[in-house]
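Working notes, structure below.
No lab work stands behind these numbers, since they all come straight from the coordinates. Since the structure is predicted, the reported quantities are computational estimates derived from the model, not experimental observations. Heads up, the Cβs are rebuilt from the backbone with ideal geometry, glycines too, and the neighbour counts pull from every protein chain shown.
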Amino acid sequence: MTTSTASGKTFAFVSLGCPKNTVDSERMLGKLAQEGYALSADADGADVVVINTCGFIEPARQESLGVIREMLELKRQGRVGAVVVAGCLAERQKDMLLETVPEVDQIVGVFGREEIAEVVNRSVSPTRERGFVEQRSLFRPAPVRALEDTARLRITPRHYAYLKISEGCDRTCTFCAIPGMRGKHITKPIDEVVREANELAADGVRELIVVAQDTTYYGLDLYGRVRLHELIRKLDRVDGIEWIRLLYAYPMYITDELLATLGAAKKVIPYLDMPLQHINDRMLKRMQRRVNRAETEALIGKLRDAMPGLALRTTFIVGFPGETEAEFDELCQFVETAGFERCGVFPYSREPGTPADRLPDHLPEEVKSARCNRLMAIQQKVAFEANASLVGSERDVIIDGPDPEVPGHYLARSTADAPDIDALVRVKAKRLEPGDFVRVKITGADGYDLAGRAVGEPW
């Protein structure tokens with residue numbers, strides 16, 4: 001154990017990537033605060049900067065490298081003491097990362113996050129300043145049980161938080177590098193998840209956002225059967241939580257028991273994030289998604305029956321190796337008629353080390369980009385028409401804070417809107433606070449966003 005050198009030291013933290021990474025960041029922030037480091041809002045002047053990176057696809061890696069180089073420039077100017085790189089990019093590239101950015105002081109992989117204080121201590125130790133550093137990287141094997149996510153120093157607003165219920169992924173999707181970075185699926189025990197949920201509720205959380213690499217696989221590795229429905233029933237009884245939102249639901253394990261639970265639970269809102277990636281059977285098989293079009297369409301029907309008013313979010317990959325024009329047209333027609341309330345579209349990203357990288361018939365970047373734009377234009381029309389149809393209706397929203405652009409207005413989200421990835425509702429009202437719920441009458445639609453006015457008292 002490294003002796004703490006934290007006394008009087010400040011640190012800045014940059015968190016990149018997905019909500020699962022956010023949970024890791026909050027755990028590391030908590031560890032550093034417990035060690036005695038003081039969090040600085042600005043990297044400029046900090047003794048050390050920790051960057052929790054994303055390594056999922058090439059654009060995310062380039063964003064991470066851009067932030068690393070920005071912090072290293074501050075270090076060269078003497079405005080930052082040390083730079084520590086953590087997370088998925090570090091895990092994926094390991095010591096090769098030090099060849100790309102040799103001025104980085106320390107790197108730590110995904111499963112070394114519990115030792116972040118020791119790593120940071122080394123980066124600011126007096127021996128480093130004299131040029132003596134015995135170890136510049138720390139990587140641990142994937143754990144056999146899920147890491148604990150309590151005692152977090154949260155970076156989300158006080159009224160919502162992410163609840164990570166498992167780590168890793170056992171899926172074999174040919175395009176995805178996540179299992180290589182995050183390891184095999186490890187379920188966090190139900191009682192432990194519920195304990196974390198109670199801790200978050202006691203800290204003021206009113207909206208709980210359930211995340212994992214694959215939420216519907218929950219329980220299979222630990223208990224021998226999927227148990228997400230049982231977990232949700234227990235979370236539904238946590239005092240203080242008003243909304244439960246479910247993300248990253250793989251379609252394969254959405255069972256009838258889960259559907260019944262989602263429909264009956266009092267706090268589970270009618271929203272589901274279910275990445276589909278494609279609809280053509282040959283493409284789905286090539287991606288190794290283990291689900292076909294007929295099963296997908298039947299599941300969508302079951303979901304809408306079970307959860308009236310469901311806002312269904314999904315994502316699609318276009319330009320996958322070998323995707324023909326006819327197969328892409330099939331996807332376009334599906335999106336045009338399926339009526340997804342929320343949808344993201346991504347051009348296929350060639351990821352070294354994945355099975356898809358070795359497939360023949362990779363498409364030119366300009367083809368992938370054109371297909372992405374075309375499908376997004378189709379979805380935009382669907383989304384804009386759906387929004388326009390909501391004018392005059394009423395819905396509950398959660399207040400995120402004042403609108404910085406329009407006095408007397410607040411930025412809010414409906415049940416159809418997850419933070420950072422979906423749309424907003426601009427609410428005209430008086431004296432609302434972040435975390436308030438209020439009934440709103442929708443008075444206008446502005447693209448993906450809505451406008452409304454409060455018609456009831458907040459609660």
Globularity ratio of segment 349-433, using Cα Rg and 2.2 N^0.38 Å = 1.66
For an R0 of 35 angstrom, estimate the FRET efficiency from the Cβ-Cβ distance between ARG76 and GLU365 and round to the nearest 0.05.
-> 0.55
In degrees, nearest ten, helix 19-35 long axis to first principal axis of the chain (Cα) | 30 degrees
For segment 160-389, alpha-carbon Rg and Dmax in angstrom = 18.3, 53
Mind pulling the angle between the C-alpha long axis of helix 325-338 and the longest principal axis of the chain? Nearest 10 degrees, somewhere in 0 to 90.
-> 70 degrees
Taking placed amide H atoms and a strict 5 Å upper bound, the residues 5 or more places from ALA82 or on another chain that come that close are VAL48, VAL49
Estimated D of segment 338-391 in µm² per second, where Rh is the Kirkwood radius over Cα pairs and Stokes-Einstein applies at 4 °C, 1.567 mPa s | 98 µm²/s
Convert 10 °C to kelvin, take the viscosity as 1.306 mPa s, use the Kirkwood radius over C-alpha pairs of segment 10-138 as Rh, and evaluate the Stokes-Einstein diffusion coefficient in µm²/s, rounded to a whole number.
-> 112 µm²/s
Where does helix 58-76 land angle-wise versus the long Cα axis of the chain, in degrees 0 to 90, nearest 10?
-> 30 degrees
Rounded to the angstrom and largest first, Cα extents along the principal axes for the chain equal 66, 59, 45
Want the number for TRP459 to TYR223: 0.36 nm per residue separation, take away the alpha-carbon distance, what's left?
-> 81.1 nm
Can you pull a Stokes-Einstein diffusion coefficient for segment 141-263 at 10 °C (1.306 mPa s), Rh from Kirkwood over Cα pairs, as a whole number of µm²/s?
-> 107 µm²/s
Residue-normalised 222 nm signal for the chain, counting each DSSP H run of n ≥ 4 as -39,500 (n - 2.57), nearest 500 deg cm²/dmol, is -10500 deg cm²/dmol
Mean projection area, nm², convex hull over Cα of segment 209-311 | 6.7 nm²
In nanometres, what is the gap between the two model label sites at ASP42 and ASP403, each 7 Å from Cα along Cα-to-Cβ?
-> 3.0 nm
Based on the Cβ-Cβ distance of GLN135 and GLU192, what FRET efficiency does E = 1/(1 + (r/R0)^6) give at R0 = 35 Å, to the nearest 0.05?
-> 0.65
With a ≥ b ≥ c taken as the square roots of the eigenvalues of the C-alpha gyration tensor of segment 394-454, please select rounded if a/c is under 1.5 and otherwise prolate if a/b is larger than b/c or oblate if it is not?
-> rounded
Cα pairs beyond 18 Å in segment 47-117, in percent, come to 30 percent
For segment 254-300, radius of gyration divided by Kirkwood radius, i.e. Rg to Rh on alpha-carbons | 1.07
Stretchable slack from ALA388 to ASP95, in nm (0.36 nm times residue separation minus alpha-carbon distance) | 100.3 nm
For an R0 of 41 angstrom, estimate the FRET efficiency from the Cβ-Cβ distance between ARG282 and LEU153 and round to the nearest 0.05.
-> 0.30
